[in-house]
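Read-outs throughout are calculated quantities, based only on the coordinates presented, and are distinct from any laboratory measurement. Please read these numbers as outputs of a predicted model, since none were measured by experiment. Quick reminder, even Gly has a Cβ in these numbers, built from the backbone with ideal geometry, and neighbours come from all protein chains shown.
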Amino acid sequence: MTADATMARIGQGVELHHHRGQPDAARELFAQIWDDIGGEQGDPLHVCVLAHSMADVQDDVHQELMWDLRALAAADRVTDEQVAQVGVALPVAGLYPSLHLNLSECYRKLGDLGRAREHLQQARAGIGALGDDDYGRLIKDGLERVAEQLDDAT
C-alpha cells in the first residue's frame, strides 16, 4: 500500500473499474481527484497516473485520446525520484510503453493508422524499461495485439 494518499485514491478508482466492473463510479472518483489535485497544474506524477487511468474509463475514443495525451505530457515532467517516493518499482521510462500503447490504440480506433504505428514504435522502443513480470508481460502482450490489428488494417 502506498503512503501517498492521492495514489491510494487513484488505486481505489482502478479497483472500481478493473475489479468491480464499475467504470462510471471510477470516472466520478477520478473526476473528484482531478479537481482535488488542481487538474493539469497538479503534481506531474499524479496527473500522469490519474489521466492514464481516466482514459481507461472513457466511453468516447476522443475523450480517451485527450486523457492519454495529458498523461503523456505529464510523464515528461515526472522524475525517477518522484516515482520512487510513492513506491513504484519502475523508473519513469517504464511508464512510456503503456502510455504509447494506449495512444496507439486510440489512433487505431480513430483510423489514423500512421499515428497509431508511430506510437506503437515508440512503445516498442521503450519496452526494455519493463521487467519480466506480470505488468511487463501485460504491456508486451498489448503491443503484440495492437501490432496484429494494425497489420490486419493494411
GLN58 long-range amide H proximity, modeled H, under 5 Å:
none
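Please get the size of the charge dipole for segment 1-44, origin at its Cα centre, with Cβ charges of +1 on Lys and Arg and -1 on Asp and Glu, quoted in debye to the nearest 20. Working shown, then result.
Details: 3 positive and 8 negative charges, 42 e Å.
That gives a dipole near 200 debye.
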Overall dimensions of the chain by Cα: Rg and Dmax, Å:
15.0, 47
Magnitude of the Cβ-charge dipole of segment 12-154, K/R +1 and D/E -1, about the Cα centre, nearest 20 debye?
260 debye
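Using a Förster distance of 30 angstrom, determine the FRET efficiency expected from the C-beta separation of ALA3 and LEU113, and round it to 0.05.
Values: r = 43 Å, r/R0 = 1.43.
Rounded to the nearest 0.05, the efficiency is 0.10.
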Contour minus Cα-Cα span, GLN32 to GLU144, at 0.36 nm per residue, comes to 36.9 nm
Compute the angle between helix 96-110 and the longest alpha-carbon principal axis of the chain, please, reported from 0 to 90 degrees and rounded to the nearest 10.
60 degrees
Projecting each Cα onto the charge dipole of the chain (Lys/Arg +1, Asp/Glu -1 at the beta carbon, about the Cα centre), which of GLY87, GLN122, PHE30 comes out farthest on the positive side?
GLN122
Put +1 on the Cβ of each Lys and Arg and -1 on the Cβ of each Asp and Glu in the chain; which of HIS17, SER104, ALA3 then has its Cα farthest toward the positive end of the dipole?
SER104
Tell me, how many Å apart are the Cα centres for segment 46-84 and for segment 103-137?
14 Å
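Could you compute the longest span of the chain free of trypsin sites (Lys or Arg not before Pro) located in DSSP loops and having at most 16 other Cβ atoms within 10 Å, not counting the site residues?
Numbers: sites that count: ARG20, ARG77.
Within the chain, the longest run free of exposed trypsin sites (Lys or Arg not before Pro) spans 78-154.
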Short version: ³J(HN,Hα) in whole Hz for each residue of segment 17-28, in order, from phi by Karplus 6.51 cos²θ - 1.76 cosθ + 1.60 (θ = phi - 60°), x for Gly and Pro, what are they?
6, 7, 10, 10, x, 10, x, 5, 5, 5, 4, 5
